Structures are given as structure tokens and as C-alpha cells.
Amino acid sequence: MARVKLSMEDMALIAQFERITGASAVDVVRDDEGDRIILVVRPDQLAKAIGRGGGNVRAAADAFGMAVDIVQFAETVEEFIKNALAPARVENVRIIEHRDGNRVAVVTVRHEDRGIAIGRDGRNVARARILAKRHFDLDNVTII
């Protein structure tokens, strides 16, 4: 697992998120391309981060002025990728190491959940790629 470094700006975003939601976050990524902020929360904090009826995540989105995605942290790359692609039902995650050293996660999802895993304009799979690179030094995530 790669060691994630947080800037002062990142720590300020996490602190603001924690004040709004009461949930503990371990990482934040500004995805300017996707016009969103991705927060990674401790495993037992997901419900608190989302809030009743999504109220906490909406309040955070209003405060940040952009969409907020919340992903539950996991110790293993397979579980973390499953969490990053939720609510798609992931059947299998295989890590393949190519001869050139590139490490790729090949994710099998249920056929009916393929669109959910990819997301509109590829937003969900892009979130999984960003987080897999940042936390586990994977070069790509592909959906099959």
C-alpha cells in the first residue's frame, strides 16, 4: 500500500468535511476533471458521512461548491476497488502485473451493473483509477 501524503489544503478540506458530517476521513482528492471532491472515510464511518437521506454529503457538497463522492477505505486493494465502484456489484478483482511493470486491476461486475460501475462519462471507473493509483500504486482499472 502506498503512503498517501496530504497537503495543508487537503487537511483543511478533511477538517471541514469532518466538522460538517462528524465522520472521520483518511484521504481527500480534488478531481478537477470530474468537478468533484473524493473523500475516503474509515470503514465504520460511511453511514455517518452520508447521513440520513444523504443530508451530510449534500451539506458537504454545498459547502465545497462541487459534488462530493465518498468511498469507504479498505486494507486490501480488492476490497478498496469494490468500495470505489459501489453500488455496482463486483464479482471479482484480479491484479495483473505486466512484463513492463504496469499493475492493472481487472474487475468483473455483474452484466446488469456494468453501466453503474463505469458511470456517466466514465466517472465511477475514473474514481476507482484515481484511488487505486494513489493508495495501491496501480496503473489502471478495467471493467469486464
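Please list, in order, the residues from the range 92-111 whose amide nitrogen is less than 18 Å from a point placed 7 Å along the Cα→Cβ vector of ASP139. Only 94-107 fall inside the zone, counting backbone N under 18 Å. Assuming charge only on the beta carbon of Lys and Arg (+1) and of Asp and Glu (-1), the dipole of the range 77-143 about its Cα centre is about 200 debye to the nearest 20.
Footprinting exposure proxy ranking of THR21, THR142, fewest other C-beta atoms within 10 angstrom first, gives THR142, THR21. Pairwise Cα distances in the range 12-64 exceed 16 Å for 33 percent of all pairs. Across the range 108-113, coupling constants 3J(HN,Hα) worked out from phi with the 6.51/-1.76/1.60 Karplus curve, θ = phi - 60°, read 9, 10, 4, 3, 6, 9 Hz, and Gly and Pro carry x. Dipole magnitude for the range 66-110: computed about the Cα centre from +1 point charges on Lys and Arg Cβ and -1 point charges on Asp and Glu Cβ, it is near 180 debye.
About its Cα centre, the chain has a charge dipole of approximately 220 debye under the convention of +1 per Lys or Arg Cβ and -1 per Asp or Glu Cβ, with nothing else charged. Within straight-line reach of LYS82, meaning a Cα separation under 16 Å, sit the following lysines at least 8 residues removed in sequence or on another chain: LYS133.
Once the Cα atoms are used to define both axes, helix 55-64 deviates from the longest principal axis of the chain by about 80 degrees. Working from Cα pairs under 8 Å separated by at least six residues, relative contact order for the chain is 19 percent.
Give me the net charge of ALA126's neighbourhood, meaning all other residues with Cβ under 13 Å from the Cβ of ALA126; Lys, Arg count +1, Asp, Glu -1. Net charge in that neighbourhood comes out at +1. For the range 80-96, putting each phi into the Karplus relation 6.51 cos²θ - 1.76 cosθ + 1.60 with θ = phi - 60° gives couplings of 5, 5, 4, 5, 5, 9, 4, x, 4, 8, 7, 8, 7, 10, 10, 9, 10 Hz, in residue order, rounded to whole numbers and with x for Gly and Pro. Angle of helix 123-136 to the longest C-alpha principal axis of the chain, folded into 0 to 90 degrees and rounded to 10: 80°.
For VAL26, the residues whose modelled amide H falls within less than 5 Å of its own, excluding neighbours fewer than 5 places apart on the same chain, are VAL40, VAL41, ARG42.
Counting beta carbons within 10 Å around each of LYS5, LYS82 and listing the fewest first gives the order LYS5, LYS82.
Listed values for the range 20-30 are Karplus-derived 3J(HN,Hα) couplings in whole Hz (6.51 cos²θ - 1.76 cosθ + 1.60, θ = phi - 60°), namely 6, 9, x, 9, 8, 10, 10, 7, 9, 10, 7, and x replaces Gly and Pro. Under 5 Å between amide hydrogens, built in the peptide plane, is the criterion, and for GLU91 it picks out THR108, VAL109, ARG110 among residues at least 5 positions away or on other chains.
Every number in this text was worked out from the coordinates using simple rules, so none of it is lab data. Every value quoted in this text rests on a predicted model; they were computed, and no experiment measured them. When we count neighbours, we look across all protein chains shown, and the Cβ atoms used for this are built from the backbone with ideal geometry, even at glycine.
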